[in-house]
Structure formats: C-alpha cells, structure tokens
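Below is one structure, written out as structure tokens; the observations come after it.
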Amino acid sequence: MYIIVIGALLIGLTLGLMGSGGSILTVPVLVYLLGHNDKTAIAESLGIVGTIALFAALPYMRSREVDWRKVLWFGLPGMAGTYGGAWLSQYVAGPVQLTLFALVMLLAAWMMFRRPTARITIDESPEAARPPVSWVIALEGLCVGVVTGLVGVGGGFLVVPALVLLGKLPVRTAVATSLPIVAANSLSGFVKHFAVLSGQHVAIDWTTMGAFVLLGIVGALVGNLVGLRINHGSLRRAFAVFLVVMAVFVLAKEGPRVFTTTTTHAAVWNTQTVVRSRDRLQNACSDGVRERQ
C-alpha cells in the first residue's frame, strides 16, 4: 500500500510542480513497483492520467483561461488518434510498447533540457502574427493522440509547446488548455483499451486506479503550492535526468524481451505459414485424386 501512496503522490506532485511529465511516471510505477501486466498498466495509466487532468482543469475552466477553440482543433483529432493508437496496441507486444514508452521518456527529457516550457516565448514578428494554420494543429493533435493511445502517456510535455508555438497561446493559457486535451485523449484511449482487455478477459485493478487518482489530486494541489517557492528551471533539469535514468532502466529490462518476443512471433508466423502451405498442398492432392476417380 505504501508503494501506491508514494507513487501516486510523486506523480501528483510532479504534475502540480511542472504542469506536465507526471503522467510519464505512472506506467513504470504500475509495472515495476506494483507488478501489473504491461498492457493492463498502460490502460490504467490512461484512466489515472485522464481523471487527474480533468480535475486539474476545473480551476482553469472556472477562471475561463481555457481556449476551447484550440481544445477542439487539437483535442478532437487527438481523441481519434488515441483511440486508433489504443486499437493498434492489441497487435503490438507489451515489451515493444514499453520500449517505445522508454523512447518517449528520452524525448520528454530532451525537450525539458532543450526548451523548458517556462522559457517558451511567442514570436511577435509580423509573420508570426498571422493566424495559426488549423490543419497543422490538428495533425499535431492526431500524432500526439496516437502516441498517447499506444504507450499510455498523457502527452502534456508535447501538447503545451505545440499550443504555444503553433497555436500562438501564452504559456499559462497553453497549460490551461492542455489539461482538457490530455483528459479527453487519455480517457478516449482508456475506453478503447478497456474494451480490448475485456474482450481478452483481462481485469482492470479499479482499487489501485482509484487510490492513484485520489492521492494524485492531493499531490497536484500540494505541488501547486510548493511550486511557488521552487526554481522551475532547476527542477525540470533534475526531472529530465531522472527520466533518462528511468528510460535506460526500462530499455535494459525490455530490450531482451523485445528480441525474444520478436523471435517467438517470427517462429510462430513461420510455423503457421508452413501449416497453411501443407494444408493447401493436401487439399490440392485430394482434389486431384477425386478428379482422377
């Protein structure tokens, strides 16, 4: 139980302190600390992240800081992409998903090192003053959605910079707008993952999910308060280092499993191909015997 408490509070604190990145801790905690199945953990992560993001968005909604036009342009393609990514995940082996997840962690760490959200500014040149191209925002949302559905991350570290750079939003408005997008994407993916797992008779751990959501909300509130007294640049760099360490750990754990899984799938596919060829040959021989008779 203490693992759930510590893990959920850490995820919530990270979300509260930095506005993104906390969700990327959920899958490793569920898989490596609580021992959940990889595919189940990805589904549970989306449910946890989506619910926490929805609650975190409520204060911004009340203060009318959410740009709902951008939510529609980014969120609707994102939901479609997440649903598609969740559908695609049933054809991808769990170790492969976790390996992709580790690569996403490295991408998140690189973005935190290279361009922290707090330092992103809007170009005020005449060219940048033109309205953003809606189809570019929609395409970005679709791509982020596919990643969300496939590997179980909320994608806030990708959504916020996209809203600032492509949507021309101030940073605070981008953070506020990203939360409903992350919530919609994550919950859309969770619905599809839940349907896939139900069809495979795999159960979701609702108790663990509920505990993570409740403690995560508490952690996010505490993180918002503590964040006022912390240097965010140093915090992001420290978290980026932590993500690199975690990504290397996941790659070390899942890399051999990916090779084994790929080899096993190839062997199974070859066996099935041989069996189908044998059956066709036997049927052709039987047909030939019948024709002679």
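Assorted remarks:
- Counting the residues of the range 80-108 that are of a type in the set (A, V, I, L, M, F, W, C) and outside any helix (DSSP H, G or I) gives 2.
- Of residues in the range 26-78 being of a type in the set (Lys, Arg) and touching a residue at least 24 places away in the same chain (Cβ under 8 Å), the one farthest from residue 142 (Cα to Cα): 39
- Residue pairs whose Cβ atoms lie under 6 Å apart, sitting 6 or more positions apart in sequence or on different chains, and linking a residue in the range 1-20 that is within 19 Å of residue 32 (Cβ to Cβ) and surrounded by 24 or more Cβ atoms within 10 Å (Cβ to Cβ) to a partner that is modelled with pLDDT of 70 or more and of a type in the set (S, T, N, Q), are 11/26.
- Subset tally (residues that are within 16 Å of residue 174 (Cβ to Cβ) and touching a helix residue (DSSP H, G or I) at 6+ places or on another chain (Cβ under 8 Å)) for the range 38-62: 5
- Scanning the range 190-210 for residues that are of a type outside the set (Gly, Ala, Ser), surrounded by 13 or more Cβ atoms within 10 Å (Cβ to Cβ) and in a helix (DSSP H, G or I) turns up 190, 191, 192, 193, 194, 196, 197, 208, 209.
- Within the range 189-242, considering residues that are among the charged types (D, E, K, R) and under 24 Å from residue 105 (Cβ atoms), the one modelled with the lowest pLDDT: 236
- Within the range 137-152, being of a type outside the set (Gly, Ala, Ser) and at pLDDT 80 or above holds for 139, 140, 142, 143, 144, 146, 147, 148, 150, 151.
The values are calculated or read from the model by the stated rules, or taken from the named source; none is laboratory data. Just so it is clear, the structure is predicted and the values come from calculations on it, not from any experiment. So basically every Cβ, Gly included, is an ideal-geometry build from the backbone, and we count neighbours across all protein chains shown.
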